[in-house]
Amino acid sequence: MYLLSILVFLALCILFMGFCTGGGLSNIVYFIDMPTITTLALLVLPMMIIAGEMKDFNNAFRLGAKMKKPVKRAELLRAMEAVSFAMKAFWTAGIFGFLVPTMNTFLNFPGELDVLLAMKYIAVGSIPLCYASMVTVVLLPLRARLKRRFHELCEENNNIADSVEQESMNFDVKQSE
């Protein structure tokens, strides 16, 4: 159900982008940029591997999708940290991917600055920011599900601790009688 809702959300985002550009769904092609996707992957994946978050990031999808299976508190904390790190890594890579071509546009522009041409270059340069925001939009519900599951686990542990404490108090009262 979780994956289905993400797919529906992405389809709605694609439709929204298509209709906001004014040309319908044929303009979606302008948002697909394989060099940008490759650049983001080459920036984010090494960060995730070096930080040791890749395994926990993969587990986050399993933990977020299957709410019934028992899980350890530490595993949930690691998964939440990995998802937060991935979101920050994508935003960092997106900003880097935006700033480099934008600075290159301004530094290497011959003669007078043609504003219309510069805006076209900046529009293409802003695609990494668009991709970073799309990945973040997909990861936000996952992080929320993991947090909810963590809070439920903490409440269960508190209830168990309270019941054990209550039983020990009842046992102490029975022994003193």
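The values are calculated or read from the model by the stated rules, or taken from the named source; none is laboratory data. Predicted, not measured: the structure shown is a model, and the values here were computed from it. A quick note on method: Cβ atoms are made from the backbone with ideal geometry, for glycine too, and the neighbour counts reach across all protein chains shown. The accessibility values were calculated without ligands, DNA or RNA, using every heavy atom of the protein model including side chains. Shrake-Rupley method; radii C 1.70, N 1.55, O 1.52, S 1.80 Å.
Screening the candidates Asn104, Asn108 for the property of being out of contact with any helix residue (DSSP H, G or I) (no Cβ under 9 Å at 6 or more places or on another chain), open to solvent by 80 Å² or more (accessible area, probe 1.4 Å) and among the polar types (S, T, N, Q) yields one hit, Asn108.
Just one of (1) in contact with a Lys or Arg (Cβ under 6 Å, 6 or more places away or on another chain); (2) without any contact (Cβ under 8 Å) to a residue 24 or more places away in the chain; (3) of a type in the set (Val, Ile, Thr) fails for Val83. It is (2). When you scan segment 61-75, do you find a residue that is open to solvent by 50 Å² or more (accessible area, probe 1.4 Å), modelled with pLDDT of 85 or more and not in a helix (DSSP H, G or I), even just one? For segment 61-75, residues open to solvent by 50 Å² or more (accessible area, probe 1.4 Å), modelled with pLDDT of 85 or more and not in a helix (DSSP H, G or I): present. Scanning segment 134-177 for residues that are at pLDDT 90 or above and among the hydroxyl-bearing types (Ser, Thr, Tyr) yields one hit, Thr136.
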